[in-house]
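> If you scroll down you'll find the structure; I have some questions about it.
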Amino acid sequence: MKSNILRETDFDALLSYNRQIPNKDSVQQDTRINVPFPCECINGQLLGHVFLYPTVTGDTYDLIAGRNYANLTTVDWLRRFNSYPPNNIPDRNAVVNVTVNCSCGDSSISRGYGLFVTYPLRQGDTLESIARGSNVSADLLQRYNAGANFSSGRDLVFVPGRGDFISTLDY
């Protein structure tokens with residue numbers, strides 16, 4: 001398994017967040033996996049984490065955001081946090097800042113959750129399917145994501161849980 005986010009030696013730790021994966025050497029396509037990452041204040045503006053992505057020939061912001069980071073970020077965010085023009089990203093030996101948004105929740109909704117999964121929506125997702133798969137109520141999920149269209153097939157929502165910050169990727 002190769003990842004632009006984790007080193008190969010980190011996969012044993014990764015499995016502890018992904019009980020649905022019995023073998024670290026074989027993951028079925030379209031399997032969602034949880035990836036832990038720290039969440040910090042970026043430029044005094046937002047909570048997130050910046051991953052450093054080394055470019056390869058043919059990279060575009062669209063490919064980096066969509067394919068390599070499973071829509072955890074957007075082309076707009078890549079433009080915002082990088083100085084490279086979207087049509088002139090260096091082919092090699094450059095580093096792109098990949099900023100991923102995260103959430104600390106809302107204590108007025110509940111103080112019982114310290115972990116929030118940054119969850120990129122994909123085609124076929126619904127409020128009910130995400131609630132069922134996350135073992136949280138649809139009402140709680142909707143309250144933490146007011147105004148979110150869970151069936152949009154794009155965008156991010158935040159799923160409450162317990163533990164450290166994690167993110168869900170499609171592998």
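The values are calculated or read from the model by the stated rules, or taken from the named source; none is laboratory data. Note that this is a predicted model, so its numbers are computed, not measured. Every residue, glycine as well, gets a Cβ built from its backbone with ideal geometry; the counts of neighbours run over all protein chains shown.
> Of the residues Ile109, Ile64, Ile89, which single one is in a helix (DSSP H, G or I), surrounded by 13 or more Cβ atoms within 10 Å (Cβ to Cβ) and β-branched (Val, Ile, Thr)?
Ile64
> Also: Among the residues of segment 98-129 satisfying the criterion of being farther than 11 Å from Pro160 by Cβ and of a type in the set (A, V, I, L, M), which is farthest from the chain's Cα centre (by Cα)?
So, considering only residues that are farther than 11 Å from Pro160 by Cβ and of a type in the set (A, V, I, L, M), the one farthest from the chain's Cα centre (by Cα) is Leu127.
> Take segment 39-61 and flag every residue that is assigned to a strand (DSSP E or B) and either more than 13 Å from Phe81 (Cα to Cα) or of a type in the set (D, E, K, R) (or both).
Passing the criteria: Glu40, Cys41, Leu47, Pro54.
> On to the next question. Would a scan of segment 121-128 turn up a residue that is closer than 21 Å to Ala148 by Cβ and touching a strand residue (DSSP E or B) at 6+ places or on another chain (Cβ under 7 Å)? Working first, answer last.
Within segment 121-128, the subset closer than 21 Å to Ala148 by Cβ is 121-128.
After this cut, where a residue has to be touching a strand residue (DSSP E or B) at 6+ places or on another chain (Cβ under 7 Å) as well, the list is 121-122.
Checked against the condition, which is being closer than 21 Å to Ala148 by Cβ and touching a strand residue (DSSP E or B) at 6+ places or on another chain (Cβ under 7 Å), segment 121-128 yields at least one hit.
> If I filter segment 96-104 for residues that are assigned to a loop (DSSP other than H, G, I, E, B) and over 30 Å from Gln20 (Cα atoms), do I get at least one hit?
Within segment 96-104 (the criterion being assigned to a loop (DSSP other than H, G, I, E, B) and over 30 Å from Gln20 (Cα atoms)), the answer is no, since none of the residues qualifies.
> Still on this structure, please answer the following. Just give me the residues in segment 112-142 being in a loop (DSSP other than H, G, I, E, B) and closer than 20 Å to Val35 by Cα, in sequence order. Give the steps one after another, and end with the answer.
First, pick out the residues of segment 112-142 that are in a loop (DSSP other than H, G, I, E, B): 112-114, 121-126, 135-137.
Result: Tyr113, Gly114, Leu121, Arg122, Asp125, Asn135, Val136.
> Out of all the residues in segment 112-130, which are within 14 Å of Leu156 (Cβ to Cβ), of a type outside the set (A, V, I, L, M) and buried (at least 18 other Cβ atoms within 10 Å of the Cβ)?
Scanning segment 112-130 gives Phe116, Thr118, Tyr119, Pro120, Asp125.
> Under 9 Å between Cβ atoms, at least 6 apart or on separate chains: pull out the pairs that start in segment 1-29 with a residue that is closer than 28 Å to Val95 by Cβ and in a loop (DSSP other than H, G, I, E, B) and end on any residue that is at pLDDT 80 or above and among the acidic types (Asp, Glu).
The qualifying pairs are Met1/Asp25.
> Of all residues in segment 9-66, count the ones that are acidic (Asp, Glu) and at pLDDT 90 or above. Reasoning before the result, please.
The initial filter retains those residues of segment 9-66 that are acidic (Asp, Glu), namely 10, 12, 25, 30, 40, 59, 62.
Restricting the remaining residues to those that are at pLDDT 90 or above gives 59, 62.
Qualifying residue count for the region: 2.
> Restricting attention to segment 44-72, which residues are out of contact with any strand residue (DSSP E or B) (no Cβ under 9 Å at 6 or more places or on another chain) and touching a residue at least 12 places away in the same chain (Cβ under 8 Å)?
Matches in segment 44-72: Val56, Thr57, Gly58, Thr60, Asp62.
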